[in-house]
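The values are calculated or read from the model by the stated rules, or taken from the named source; none is laboratory data. Since this is a predicted model, take the numbers as computed values, not measurements. Cβ sites come from the backbone with ideal geometry, for glycine too, and all protein chains shown count toward neighbours. Keep in mind that these areas ignore ligands, DNA and RNA; they rest on the heavy atoms of the full protein, side chains included. Shrake-Rupley method; radii C 1.70, N 1.55, O 1.52, S 1.80 Å.
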Amino acid sequence: MDNAPDRGRPDIATPLVAWFRDAARDLPWRRPGFPAWGTLVSEIMLQQTQVARVVPRLEAWLTRWPTPADLAASPPGEAVRAWDRLGYPRRAIALHAAATAIAEQHGNVVPRDVDALLALPGIGDYTARAVAVFAYGDRHPVVDVNVRRVLARALLGHGQPGPAKAKQDLPLMESVLPEDRDAAAATNAAVMELGALVCVARSPACDACPIADRCAWRAAGYPEHDGPRAPKQARFAGSDRQVRGLIMAELRSSDVPVLRSEIDLVWPDDAQRERALASLLRDGLAVGDDAGGYTLPSV
DNA sequence: CAACCGTGGCT
DNA sequence: TAGCCAAGGTT
């Protein structure tokens with residue numbers, strides 16, 4: 001047990017892991033024996049998507065496709081349909097492609113190596129490490145928005161994390177991790193859970209925080225955020241994203257090709273509708289057939 | 001690096 | 001209620 005903090009920083013790992021043992025939510029991917037494939041699917045579903053919306057889709061997904069090869073054997077359009085309304089349906093296409101690569105190039109076993117995971121479509125810096133740590137118990141820093149916020153507050157004394165910089169937070173999280181593998185994995189999960197349940201973006205529950213006594217932000221009197229902020233999300237109403245979503249809803253709900261005349265009904269602006277449809281075709285989320293209809297991808 | 005990519009919960 | 005925010009990734 002080596003929990004010695006680096007660089008004179010306070011030890012947040014020990015109290016957070018102790019807190020996590022009691023406070024951790026009972027989530028599917030924390031069940032004993034949960035497969036690495038399930039962890040991979042869950043992490044992709046969880047990208048920018050709340051836990052409560054993911055859980056039911058995840059369980060249905062794993063029942064239908066218990067291994068990567070099972071998913072690879074279905075058409076990608078079925079993955080898009082099962083994705084339902086989780087949003088960012090390109091993730092479903094990427095997950096299908098990742099499953100195909102795992103089945104064909106990795107013996108149907110989800111890779112354990114971070115670089116091998118990074119080479120899969122739809123898997124970036126966060127997801128690769130999350131799979132290596134949460135599915136395989138390896139020792140890597142896992143940095144998502146929750147972790148960035150906890151570190152910004154507890155260690156740097158900032159109210160909010162700055163814009164996500166290229167891997168700048170990885171060394172900081174690394175400095176928090178105990179040497180021991182299992183303890184490091186638990187610390188990753190605990191910091192993330194604190195950010196999700198207690199050290200939330202708005203109205204953090206500092207009274208219930210297990211590291212309030214060593215929080216730099218609290219010690220500094222909760223200064224307002226000064227540095228650069230993360231960029232604001234683009235307006236959704238009236239956006240191309242909304243139009244894409246409306247077209248995708250049509251395609252998902254139809255067993256037969258959707259005619260142009262039906263797609264024309266989902267949005268009044270011709271140019272924007274055409275732009276959205278073209279981008280869906282480009283992304284492989286929609287396919288045009290010979291008869292001028294559109295479907296989800298069947299191959 | 002900035003812009004883009006869905007959908008819904010929460011205050 | 002309008003806006004913020006969510007276990008990010010790709011281009």
**Fill in**
Yeah, the stretch A:105-225 with a ≥ b ≥ c from its alpha-carbon gyration tensor (a/c under 1.5 is rounded, else prolate when a/b outruns b/c, oblate otherwise) is prolate
**Asked** What does the accessible area per residue of the stretch A:1-93 come to in Å², with a 1.4 Å probe and no ligands, DNA or RNA counted?
**Response** 51 Å²
**Request:** For the stretch A:140-219, with all protein chains present and a 1.4 Å probe, just round the carbon and sulfur fraction of the accessible area to a whole percent.
**Result:** 51 percent
**Asked** In degrees between 0 and 90, to the nearest 10, how far off the longest principal axis of chain A does helix A:181-197 point, with axes built from Cα atoms?
**Response** 70 degrees
**Whole-Hz couplings from phi, Karplus 6.51/-1.76/1.60, listed for the stretch A:229-244; x for Gly and Pro** = 9, 5, x, 6, 5, 5, 4, 8, 4, x, 7, 4, 4, 5, 5, 4
**Asked** Using a 1.4 Å probe, how large is the accessible area of A:I93, given in Å² and rounded to the nearest 10?
**Response** 40 Å²
**³J(HN,Hα), Karplus 6.51/-1.76/1.60, whole Hz, each residue of the stretch A:79-93, x for Gly, Pro** = 5, 5, 5, 5, 4, 6, 9, 5, x, 6, x, 4, 4, 5, 5
**Request:** Assign one of three labels to the stretch A:36-134, namely rounded, prolate or oblate, based on the Cα gyration tensor with a ≥ b ≥ c the square roots of its eigenvalues; rounded applies when a/c is under 1.5, prolate when it is not and a/b is larger than b/c, and oblate otherwise.
**Result:** oblate
**Solvent-accessible area per residue for the stretch A:240-287 (1.4 angstrom probe, square angstrom)** = 53 Å²
**Request:** Please compute the net charge surrounding A:L86, taking Lys and Arg as +1 and Asp and Glu as -1 over other residues with Cβ under 9 Å from its Cβ.
**Result:** +3
**Request:** Quote the FRET efficiency, to the nearest 0.05, computed for A:S279 versus A:D70 with a Förster distance R0 of 22 Å and r equal to the Cβ-Cβ distance.
**Result:** 0.15
**Fill in**
When every protein chain stays in place and a 1.4 Å probe is rolled, A:D283, A:D270 sorted by accessible area with the largest first are A:D270, A:D283
**Message:** If I build a Gaussian network model for chain A, linking alpha-carbon pairs within less than 10 angstrom, which residue out of A:G227, A:G157, A:G245 has the largest mean-square fluctuation?
**Reply:** A:G227
**Message:** Between helix A:13-23 and chain A, what is the angle of the helix's C-alpha long axis to the longest principal axis, kept within 0 to 90° and rounded to the nearest 10?
**Reply:** 60 degrees
**Request:** Provide the per-residue ³J(HN,Hα) series for the stretch A:42-51, in order, calculated from phi with Karplus coefficients 6.51, -1.76, 1.60 and θ = phi - 60°, each as a whole number of Hz, with x at glycine and proline positions.
**Result:** 4, 5, 6, 4, 7, 4, 6, 9, 5, 3
**Request:** Pull out the extension gain between A:L246 and A:S203, defined as 0.36 nm times the separation in residues minus the alpha carbon to alpha carbon distance; nm, one decimal.
**Result:** 12.1 nm
**Complete:** Checking A:V200, A:V176, A:V191 against a Gaussian network model of chain A (alpha-carbon springs below 10 Å), the top fluctuating residue turns out to be A:V200
**Fill in**
Charge tally for neighbours of A:L62 with beta carbon under 15 Å away, counting Lys, Arg as +1 and Asp, Glu as -1, is -1
**Fill in**
Measure of exposure for A:H106: accessible area at 1.4 Å probe, Å² rounded to 10, is 60 Å²
**Request:** Just the ratio, please: alpha-carbon radius of gyration of chain A over 2.2 N^0.38 Å, N its number of residues.
**Result:** 1.12
